[in-house]
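See below for the structure under consideration.
Quick note: the coordinates plus some simple rules give every number you see, no bench work behind them. Worth saying up front: this structure is predicted, and the values here are computed from it rather than measured. Glycine gets a Cβ as well: all are built from the backbone with ideal geometry, and neighbour counts include every protein chain shown.
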Amino acid sequence: MSDHLKRLAAEKAAELELRSGMKLGLGTGSTAKHFVDIVGERIRAGETYLCVPTSEATRLQAESLGIPLTTLDDIGEIDLTVDGADEFDPALNLVKGAGAAHLREKMVAINSKRMIVIADASKKVVQLGAFPLSVEIVQFAHGTTSRAVAKAFAAEGIAVETRLRKAKDGTALVTDNGNFVLDCVNSGIANPAALAARLDGIPGLVEHGLFVGLCSAVYLGSEEGVAVIGKSP
């Protein structure tokens, strides 16, 4: 998705969804970054928002734009969370985690009245699994946890290869929360809810990137414009 189309999708989402006075969850990633920029522009124009960032990168961006920030503990229920996604299916189930922020993203989304996603046509799939599923795990006995994750996929009839995500320097990537990330390259997730339930039961697994039943709408950017898939605000 070109930067131009990302901006268009973010602008359409802001036009239809944003209202001054809202409590917002700010997503992470190259597309969500445009929405954060727009919130900063709205604030400079006199609107008011109170926001919870979903990563340290988003927090730094928001602070640089003068966006008032708070914590999930202090804000109570969030009115709207806007984020990106690695892929989404016809039921608006999502795979997230390319930016290794899916734990905080899910915590913010689940405490929001409404979560929407900004994406491009390449993120629309018939079945999840074209993009590896990100799984955040504790560092302790991470090999044991990785084997348990592989068994969960196998129990759902899904072929999988689990790969420990590496940082640019070749060492294991560590999230904002001090954990490792497994990227699960798989043969397709026919039943996201069933796999999510299996993964949820693994000790040592902190959070996975399956977002089931959390997304209300997707703003889909293309050269033809921005389509809205899902429920209107």
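Okay, helix-only estimate at 222 nm for the chain: each DSSP H run of n ≥ 4 adds -39500 (n - 2.57), divide by all residues, round to 500 deg cm²/dmol; what do you get?
Values: 7 runs with 75 residues, N = 233.
One gets -9500 deg cm²/dmol as the mean residue ellipticity at 222 nm.
If we restrict to alpha carbons, what Rg and Dmax does segment 165-228 come to, in Å?
In order Rg, Dmax, the Cα atoms of segment 165-228 give 16.1, 46 Å.
How much net charge surrounds A62 when only the other residues with a Cβ under 12 Å from the Cβ of A62 are counted, with Lys and Arg +1 and Asp and Glu -1?
Numbers: positive: K33, R59; negative: D37, E56, E63.
Once positives and negatives cancel, what remains is -1.
Answer with a single label: of (i) 17.4, 53; (ii) 29.2, 101; (iii) 20.0, 64, which was calculated as Rg and Dmax of the Cα atoms in Å from the structure in view?
Read-out from the structure maps to (i).
Out of the DSSP beta bridges found with both residues in the chain, what percent are antiparallel (nearest 5)?
Expressed as a percentage, antiparallel bridges in the chain total about 60.
Could you tell me which helices of the chain pass both thresholds, a Cα extent of 18 Å or more along their own axis and a mean Kyte-Doolittle hydropathy of at least 0.0, with helices taken as whole DSSP H runs?
Values: long enough: 3-17 (21 Å, -0.73); 30-44 (22 Å, -0.20); 142-155 (20 Å, 0.13).
Helices meeting the span and hydropathy rule in the chain are 142-155.
Among residues other than K6 whose Cβ falls under 9 Å from its Cβ, what is the net charge (Lys/Arg +1, Asp/Glu -1)?
Working: positive: R7, K33; negative: D3, D120.
With Lys, Arg at +1 and Asp, Glu at -1, the net is 0.
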